[in-house]
Structures are given as C-alpha cells and as structure tokens.
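*Asks:* Pasting a structure below so you can have a look.
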Amino acid sequence: MPPESSPRSIRFQLLVSVNLVLAVAVAVFLVVDYQAELAERIADKHIALQEEALTMAQAIRRLRRHGLHTVQQYIDDVCGHMRESHSPGHHIAVVIGDRVLQAVVHHRSSPEMVEAMRRAVVAPNHRARFGERELVVGAVEEGDVTVYVSEYLTNLRRALHAEYWFRLLAIAGLGLLAAAVVDAVLLRVIVKPTAELAATIRRIGSGELGIQTRGFQSAEYAYLGRAINEMSRSLAEVEQHRQREMARARRIQEHLLPAQTDVPGLAL
C-alpha cells in the first residue's frame, strides 16, 4: 500500500482558502471593472468623435458652395493632421446627397469602410467590425450632409490593458503582503500555542505530572489550556494519592512482619 500523505496544517489550509477566495473575488472584480471602464472610455471616444463630426458638418455646409473638390481637400487636411500613434485608424467619410467622399490621405477609403461606419452608427455601442479590427464611430447629419468620423479601438484597448496589468501586479504585491501578515498572525495565534500545548501534553505523558501551561489570549486556546491544566492536576493528585497509599501499605506490612524470625536449623 502506498504511504498515506501527512495531513495539511491548519496554517496552510487557512492560507490557501483565504488566498483562493481573495483571488477569485479580485479576478471577478477586475473583469467586471475592465468591461465597465472599457465601455466608459469608448463612450467618451464616441462623444469626442461626435463633436468632431459636428464641427466638420458645419464647416462642410459652408465649403460645399465652392465645390466638392474643396470639401475633399478639407477632409484630407483634417484627417492628415491626425497622428496615427494617437488616433489609429482615424477616417472621415462625408455623404452629400448621393455623393460619398472619403479621406484618402491614409489610404483607408473603400466602400467596405463606409459600410462598417454606417453599421456602427446604428449599433447601440457605436462600434462595428472592419476586417480584424473594431472601430467606433461618431456621426452627425445636417440636412443632406452626413459626416462620419471613426477610429480603431487599438490604442484605447492597449492603454487599458497596460493599466490593468499594472493594477494586477499591484494587487498581487498587496496579496503577497497580506499573505505574509496572515501567516505571521497564524504563527502567533495558532501554531505556537498548539506547539506549546502539545509539548505540555508530552511532558505530562513522560511523567511530569502537575505542570501547568501559561495563559493564552484566544478564548479557545485558553479553554483548552485550562482543560490540560486540570488534567495535569488531577493526574498529579491521583499519583500523590497512589504514592501515599503505597507508603501506607509498606508501613502496615512492616508492622505486621516480626522484627526477627528464628527458625531452628536455619540461619538468616
């Protein structure tokens, strides 16, 4: 038969249980908080794109009298000033009547892009898939002019991921610190008193009857210590009584035996 594994200590089991519960709670909190934070940042980005679209719509209504070429140049100028590192996937599409104009400066113009922007406008979260990426769109309609402004969510997600990795590392550090504190408390409150009580019981078992344990701060160990002390006193009293009875029996035996016994033919 394989040898039985030794049972885990209370200290170990408590540490595992507490840390497991905390880890699950923190994981759930981080997931929920991440989703809420992501939704809030996307909403803020949508508002910013909406304001940009509104500003452009007002400008385009004034510029359209100079021709669509002027509008196209304006769209390219605005989109060209957007840095890819800060506004990844920034794109502008303008619908004037039945004409569709798109910024061409970043080479993103395509019917599929316009279709993705239109899907995002009617979506509750103002987002849509475009290829392997996701974009958020702000749109404004003024008369027969509709302006769409979009950005990829790449930077937004990347920044949020970095923040949450930092939070996770910070929480992990705090968790290790908390585990060390809990371990120190368990060592003082459980491990040391248990070892002291076990040592007292072993001493009683080896014959040191009557020894007493010290007082303990916790009610449970104080109760157990009193029980061991009472047992030790009882065993000591029983042993003392036994010793007295044995001494009494020896004295009686000595009185019953004659001081000297003479047997003829036998010398003692």
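The values are calculated or read from the model by the stated rules, or taken from the named source; none is laboratory data. For clarity, every value in this text was computed on a predicted model and none was experimentally measured. Quick reminder, even Gly has a Cβ in these numbers, built from the backbone with ideal geometry, and neighbours come from all protein chains shown.
*Asks:* What do you reckon, is residue 168 of a type outside the set (Phe, Trp, Tyr), closer than 30 Å to residue 229 by Cβ and under 26 Å from the mean Cα position of the chain (by Cα)?
*Replies:* Working: of a type outside the set (Phe, Trp, Tyr): yes; closer than 30 Å to residue 229 by Cβ: no; under 26 Å from the mean Cα position of the chain (by Cα): yes.
Considered against the rule, which asks whether it is of a type outside the set (Phe, Trp, Tyr), closer than 30 Å to residue 229 by Cβ and under 26 Å from the mean Cα position of the chain (by Cα), residue 168 comes out as no.
*Asks:* Somewhere in segment 50-72, is a residue at pLDDT 90 or above, within 20 Å of residue 154 (Cα to Cα) and crowded, with 18+ Cβ neighbours inside 10 Å?
*Replies:* Looking for residues that are at pLDDT 90 or above, within 20 Å of residue 154 (Cα to Cα) and crowded, with 18+ Cβ neighbours inside 10 Å, one finds at least one in segment 50-72, hence yes.
Residues are listed down the side, and each one gets a yes or a no for (1) assigned to a loop (DSSP other than H, G, I, E, B); (2) closer than 30 Å to residue 143 by Cα; (3) without any contact (Cβ under 8 Å) to a residue 12 or more places away in the chain; (4) not charged (D, E, K, R):
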| residue | (1), (2), (3), (4) |
| --- | --- |
| 8 | yes, no, yes, no |
| 16 | no, no, yes, yes |
| 30 | no, no, no, yes |
| 38 | no, no, no, yes |
| 45 | no, yes, no, no |
| 51 | no, yes, no, no |
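*Asks:* Where the second residue is of a type in the set (S, T, N, Q) and part of a loop (DSSP other than H, G, I, E, B) and the first is surrounded by 15 or more Cβ atoms within 10 Å (Cβ to Cβ) and lies in segment 101-122, which pairs have Cβ atoms under 6 Å and are six or more apart or on separate chains?
*Replies:* Taking only residues 6 or more apart or on different chains, the pairs are 102/109.
*Asks:* Could you list, in sequence order, all residues of segment 86-100 that are small (Gly, Ala, Ser) and in contact (Cβ under 8 Å) with a residue 60 or more places away in the chain?
*Replies:* Residues satisfying the conditions are 87, 89.
*Asks:* Does any residue of segment 134-143 turn out to be farther than 26 Å from residue 83 by Cβ and outside any strand (DSSP E or B)?
*Replies:* Taking every residue of segment 134-143 in turn, at least one turns out to be farther than 26 Å from residue 83 by Cβ and outside any strand (DSSP E or B).
*Asks:* Also: Which residue out of 233, 202 is outside the structural domain of residue 17 (by TED's automatic domain parsing), exposed (fewer than 11 other Cβ atoms within 10 Å of the Cβ) and either among the basic types (Lys, Arg) or assigned to a helix (DSSP H, G or I) (or both)?
*Replies:* Just one listed residue meets the conditions, 202.
*Asks:* Next question. Got a sec? Which of 243, 217, 253 is loosely packed, with under 13 Cβ neighbours inside 10 Å, closer than 30 Å to residue 13 by Cα and either among the small types (Gly, Ala, Ser) or outside the structural domain of residue 18 (by TED's automatic domain parsing) (or both)?
*Replies:* 217
*Asks:* Out of 56, 82, 113, I need the residue that is touching a His at 6+ places or on another chain (Cβ under 7 Å), part of a helix (DSSP H, G or I) and aliphatic (A, V, I, L, M). Which one?
*Replies:* 113
Yes/no matrix, rows are residues, columns are (1) at pLDDT below 85; (2) surrounded by fewer than 12 Cβ atoms within 10 Å (Cβ to Cβ):
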site: 143; (1), (2): no, yes
site: 146; (1), (2): no, no
site: 165; (1), (2): no, yes
site: 169; (1), (2): no, yes
site: 182; (1), (2): yes, no
